[in-house]
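Visitor: Pasting a structure here, questions to come.
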Amino acid sequence: MTRIFLLSLIPYLSFANPDPGEAAYQTNCIACHQLDFTSVGPSLVNIAKVYPKEKKAEFIQWAIKPGKKNPLLIEMPSMAHMGEENLAHIHDYLLKVTKGVKHKKGKDQFQPVPEPKRDLPYVRYAFLPESSPASFAIIYEGETSACWDTEACRLRYLWKSGQTRLVTHRDVYDLPAPPFHIETSPVFWSFAAGKRPRYHGFNLIQRQPEFHYQIADVEIRELVIWKPASKTLLRRFKITNPPASFQIHLAKQGAGTFSTDKGTLDSSTLSLHAEQAREFTITLSFP
Ligand code: HEC
């Protein structure tokens, strides 16, 4: 747990913003929690009423293992991967920003959210079509964005847009055009069939997200980089405890071409053995 916690701390510290609570809130909570009105979840003002200063531990507990209170709202995804210290920072931050602020009754939902200034790429939870409610939008340079689903633990698709204000209301964000790349294989990792992946969080390597997840006892790190100049998507995988040999099913829709630095690529199936799986890169190039 400690190691995961340290990893999940890195992105929040590496933000230029001096308030780690604000940075962590903007990445992980803002898609569902606004300052003074109910959006997908309750406002920060209402959360601060239920969880004042002396209820920090209960606040952290909820975020790690959310319950179900309001039948009109969806179930909140667990934020356990963030670690207690980040959640504590968010609690400090929300107590600070809600001071003297009143919840706006009757102004719930459909409120435009002011867009914070951001350096690209950046990662945030967003409601995206054809993905689970616990999905990240990765907004890259070069008007390109990716959807990475933390429930299925896989890349879903890429679309053309540098739009950063993804969630302005509780509806799913409308992509401006259909995705130009969609991963279509029902199972990505051959050893994942019938198994539920466990998401452990992400850290940023030169601002690029590296996702960390686990399928049974196989641990996977997946760094997803978009290179705008060459229109290529690089996915660097590092695998701990892989099976002796396995396949990755790369079936897709879209004009991109796959290549790899390890293993054998046969149409849309990449075969690897354990030694090669320690670290390898799958490249997807677009015309
Ligand atoms: C995908 C949407 C979503 C995200 C992301 C999300 N939440 Fe929530 N959250 C909800 C919903 C929906 C509820 C209300 C659940 C209910 O009442 O049943 C909620 C409720 C809460 C509550 C109130 C619990 C109570 O006892 O009333 C807290 C505290 C909270 N969230 C903290 C957080 C924090 C901290 C983050 C970010 C680290 C976060 N949430 C991210 C959807 C989300």
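The values are calculated or read from the model by the stated rules, or taken from the named source; none is laboratory data. These numbers come from a predicted model, not from an experiment. Cβ sites come from the backbone with ideal geometry, for glycine too, and all protein chains shown count toward neighbours. Please note that ligands, DNA and RNA were not included when accessible areas were found on the heavy atoms of the full protein model with its side chains. Shrake-Rupley method; radii C 1.70, N 1.55, O 1.52, S 1.80 Å.
Visitor: Show the residues, 5+ positions off or on another chain, whose built amide H is closer than 5 Å to the amide H of LYS262.
Guide: THR281
Visitor: Could you work out [θ]222 nm for the chain from helices alone, using -39500 (n - 2.57) per DSSP H run of at least four and dividing by all its residues? Round to the nearest 500 deg cm²/dmol.
Guide: Numbers: 6 runs with 56 residues, N = 287.
Estimated from H runs of four or more residues: -5500 deg cm²/dmol.
Visitor: May I ask which residue of TYR213, PHE280, THR260 lies farthest towards the positive end of the charge dipole of segment 191-287, with charges of +1 (Lys, Arg) and -1 (Asp, Glu) on Cβ and the Cα centre as origin?
Guide: Projecting each Cα onto the dipole axis, the largest value belongs to TYR213.
Visitor: Grab the Cα-Cα distance for GLU130 and GLU143, subtract it from 0.36 nm times how many residues apart they are, and report the gain in nm with one decimal.
Guide: Difference between extended and current length: 2.6 nm.
Visitor: Still on this structure, please answer the following. Which of ALA192, ALA274, ALA229 moves most in a GNM of the chain, Cα contacts under 10 Å?
Guide: Greatest mean-square fluctuation among the candidates belongs to ALA229.
Visitor: Got a number for the accessible area of GLU279? Probe 1.4 Å, square angstrom, nearest 10.
Guide: Near enough 80 Å² of accessible area.
Visitor: Can you put ASP261, ASP19 in order of accessible area, largest first, using a 1.4 Å probe?
Guide: If we order ASP261, ASP19 from most to least accessible, we get ASP261, ASP19.
Visitor: Any idea of THR260's accessible area? Nearest 10 Å², probe 1.4 Å.
Guide: Estimated to the nearest 10 Å², THR260 gives 40 Å².
Visitor: Related question: Using only the alpha-carbon atoms of segment 200-268, report the extent along each of the three principal axes, biggest first, to the nearest angstrom.
Guide: Each principal axis gives a Cα extent; for segment 200-268 these are 35, 32, 21 Å.
Visitor: Another question, then. Between GLU85 and LYS238, 0.36 nm times their residue separation minus their Cα-Cα distance comes to what?
Guide: 52.4 nm
Visitor: Ignoring ligands, DNA and RNA, what accessible area per residue does the chain give at 1.4 Å, in Å²?
Guide: 48 Å²
Visitor: Something else about it: Under a Cβ-only charge scheme (Lys and Arg +1, Asp and Glu -1), can you give me the dipole magnitude of segment 49-95 about the Cα centre, in debye to the nearest 20?
Guide: Working: 7 positive and 6 negative charges, 49 e Å.
Its charge dipole is roughly 240 debye.
Visitor: LYS252 to LYS69: extension gain in nm, 0.36 nm per residue of separation minus the Cα-Cα distance?
Guide: 61.9 nm
Visitor: Return the Rg/Rh ratio of segment 172-287 with Cα-based radii and a Kirkwood Rh.
Guide: Dividing the radius of gyration by the Kirkwood radius yields 0.96.
Visitor: I've got another one for you. Using +1 at the C-beta of Lys and Arg and -1 at the C-beta of Asp and Glu, which of ILE225, ILE30, LEU250 has the Cα lying farthest in the positive direction of the dipole of the chain?
Guide: With unit charges placed on the Cβ atoms, the residue in question is ILE30.
Visitor: Related question: Using a probe of 1.4 angstrom, how much of the accessible area of segment 123-285 is carbon and sulfur, in percent? Please report the intermediate quantities before stating the final value.
Guide: On the way: 3370 of 6970 Å².
Carbon and sulfur: 48 percent of the exposed surface of segment 123-285.
Visitor: If you place +1 on the Cβ of every Lys and Arg and -1 on the Cβ of every Asp and Glu, how big does the dipole about the Cα centre of the chain come out, in debye to the nearest 20?
Guide: Dipole magnitude for the chain comes out near 620 debye.
Visitor: Per-residue HN-Hα couplings for segment 238-244, Karplus 6.51 cos²θ - 1.76 cosθ + 1.60 at θ = phi - 60°, whole Hz, x for Gly and Pro?
Guide: 10, 10, 10, 6, x, x, 4
Visitor: Could you work out the relative contact order of the chain? I mean the mean sequence separation of Cα pairs under 8 Å and 6+ apart, divided by the number of residues, in percent. Please report the intermediate quantities before stating the final value.
Guide: Numbers: 568 pairs, mean separation 38.3, N = 287.
That works out to 13 percent.
Visitor: Sticking to Cα atoms, compute the Rg of the chain to one decimal and its Dmax as the biggest Cα-Cα distance, whole number, in Å.
Guide: Just the Cα atoms of the chain yield Rg and Dmax of 19.5, 62 Å.
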